[in-house]
Amino acid sequence: MKEKKKIVASNSFTNYFRRNLGSLIGLAALSIIIGVIAPKLFSGTNLLNLLKSNSVNAIISCAMLMAILLGEIDISVGSTVGLAGVVSASLITDFGMPVGVAVLVSLLVGVVIGIINGMSIAYFKVPAFIATLATQCIGRGLTQVISGGISIRVRNDAFSNIAMTNIGGVSVIIIYAVIFLLITWLLLNKTKFGYYIYAIGGNRQAAEYSGINVKLFNALPYVFSGIACAFCGILWTARLGSAAAMLGNGFELDAISAVVIGGTSMSGGVGTVGGTVLGILIIGVLQNGLNLMGVNSFWQYVCKGIIILLAVIIDVIRKSKEN
């Protein structure tokens, strides 16, 4: 029995290595190149900071992965982060609400946005890009209205501890990210929910004929996305001690980059949490390395855009060869 488990584990590792060989080589090459130019990349302190600064992107990428596996997208993730962060800050600072209640209300904001996205896409047949673009605009507008266009400071130790606590020298934000990644992996690989997501993304019509409640399981990932992004908004606000009016701006780009670079097909049905982790690390190392080298942040957007384009082109070429 033990030998059988070892064989299964070995096969799983081999499959993971083969499936993500390109991403692994890319991550190694990128790390070596940047490490030669900026040796601080490999310092223990910098590596922990790298993981911490990319933990929020890891959580958002879990949500984005599910949307892209469906052959869709969620560009409202950044605005959901911003809105939830501003709501939590406003409730605590302006209304004196207890931290626990403010957190629950902020998470509920994410749930509402997720339900609106899911219902619009699954039940009213609104294209995912349009539906989430609409909620992105709504979220950004409400964020500006609530904040008045300025940052809302939060002076509350209980709230700050949500993101500022260290456990064994490791930031609790990193632990949150690991938990979300594990939950996402379990949902996609060990439950019917995950099986249905892959089935719908692979062939929606076949999924309907097989008896899957396509509308329901098309909508649920957006609710998950809303909760995940709202939680990130709370974390980011607790970490900074304030919620800026532009909180979450551009977060969708980092999440899409990580998922696509990690080998998830934009046409749906193909992608893994393991590959997404590699994508997150590639984006994180690139961003951290460019910062260490003093490269202007605007050029970082250029680099991310080029990487996304190349990843999609590779996916299209791979798909055409399979067909």
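The values are calculated or read from the model by the stated rules, or taken from the named source; none is laboratory data. Note that the structure is predicted; figures quoted are calculated from it, not measured. As a convention, Cβ positions derive from the backbone with ideal geometry for all residues, glycine included, and neighbour counts pool all protein chains shown.
Below, the figures for the structure above:
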item	result
Residue identified as among the β-branched types (Val, Ile, Thr) and free of Cβ contacts under 8 Å to residues at least 40 places away in the same chain among 60, 116	116
Residue tally, condition surrounded by 13 or more Cβ atoms within 10 Å (Cβ to Cβ) and either touching an Asp or Glu at 6+ places or on another chain (Cβ under 8 Å) or aliphatic (A, V, I, L, M) (or both), over region 34-53	7
Conditions (1) in a helix (DSSP H, G or I); (2) closer than 28 Å to residue 197 by Cα; (3) of a type outside the set (D, E, K, R); (4) free of Cβ contacts under 8 Å to residues at least 24 places away in the same chain: number failed by residue 84	(4)
Any hit, region 55-64, residues being small (Gly, Ala, Ser) and either more than 19 Å from residue 222 (Cα to Cα) or modelled with pLDDT under 95 (or both)	yes
Candidate set: region 236-246, residues that are more than 15 Å from the chain's Cα centre (by Cα) and not hydroxyl-bearing (Ser, Thr, Tyr); chosen: the one surrounded by the most Cβ atoms within 10 Å (Cβ to Cβ)	243
Sole residue being of a type in the set (A, V, I, L, M) and surrounded by fewer than 24 Cβ atoms within 10 Å (Cβ to Cβ), chosen from 86, 81, 99	99
Residue match in region 15-22 (condition: of a type in the set (Lys, Arg), surrounded by 11 or more Cβ atoms within 10 Å (Cβ to Cβ) and modelled with pLDDT under 90)	yes
Wholly within region 246-323, helices (runs of 4 or more DSSP H) carrying at least 2 residues that are farther than 21 Å from residue 228 by Cβ, in contact (Cβ under 8 Å) with a residue 12 or more places away in the chain and of a type outside the set (Gly, Ala, Ser)	273-292, 297-322
Boolean, residue 163 is surrounded by 18 or more Cβ atoms within 10 Å (Cβ to Cβ), modelled with pLDDT of 95 or more and touching a Lys or Arg at 6+ places or on another chain (Cβ under 9 Å)	yes
Residue tally, condition outside any helix (DSSP H, G or I), among the polar types (S, T, N, Q) and under 30 Å from residue 242 (Cβ atoms), over region 156-209	4
In region 290-323, residue surrounded by the fewest Cβ atoms within 10 Å (Cβ to Cβ) [restricted to those that are within 16 Å of residue 251 (Cα to Cα) and hydroxyl-bearing (Ser, Thr, Tyr)]	297
Filtered residues of region 57-81 (kept if in contact with a Lys or Arg (Cβ under 9 Å, 6 or more places away or on another chain) and assigned to a helix (DSSP H, G or I))	78, 79
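Listed here are the residues, each with its yes/no results for (1) touching a Leu at 6+ places or on another chain (Cβ under 6 Å); (2) under 18 Å from residue 110 (Cα atoms).
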site: 158; (1), (2): no, no
site: 170; (1), (2): no, no
site: 193; (1), (2): yes, no
site: 199; (1), (2): no, no
site: 208; (1), (2): no, no
site: 211; (1), (2): no, no
site: 220; (1), (2): no, yes
site: 226; (1), (2): no, yes
site: 237; (1), (2): no, yes
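So that you can scan it fast, the table gives a plain yes or no per residue for (1) assigned to a loop (DSSP other than H, G, I, E, B); (2) out of contact with any helix residue (DSSP H, G or I) (no Cβ under 6 Å at 6 or more places or on another chain); (3) not charged (D, E, K, R):
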| site | (1), (2), (3) |
| --- | --- |
| 110 | no, no, yes |
| 126 | yes, no, yes |
| 130 | no, yes, yes |
| 135 | no, no, yes |
| 143 | no, no, yes |
| 149 | yes, yes, yes |
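So that you can scan it fast, the table gives a plain yes or no per residue for (1) surrounded by fewer than 18 Cβ atoms within 10 Å (Cβ to Cβ); (2) farther than 21 Å from residue 159 by Cβ:
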residue: 193; (1), (2): yes, yes
residue: 199; (1), (2): no, yes
residue: 202; (1), (2): yes, yes
residue: 208; (1), (2): yes, yes
residue: 211; (1), (2): yes, yes
residue: 216; (1), (2): yes, yes
residue: 219; (1), (2): no, yes
residue: 227; (1), (2): no, no
residue: 233; (1), (2): no, no
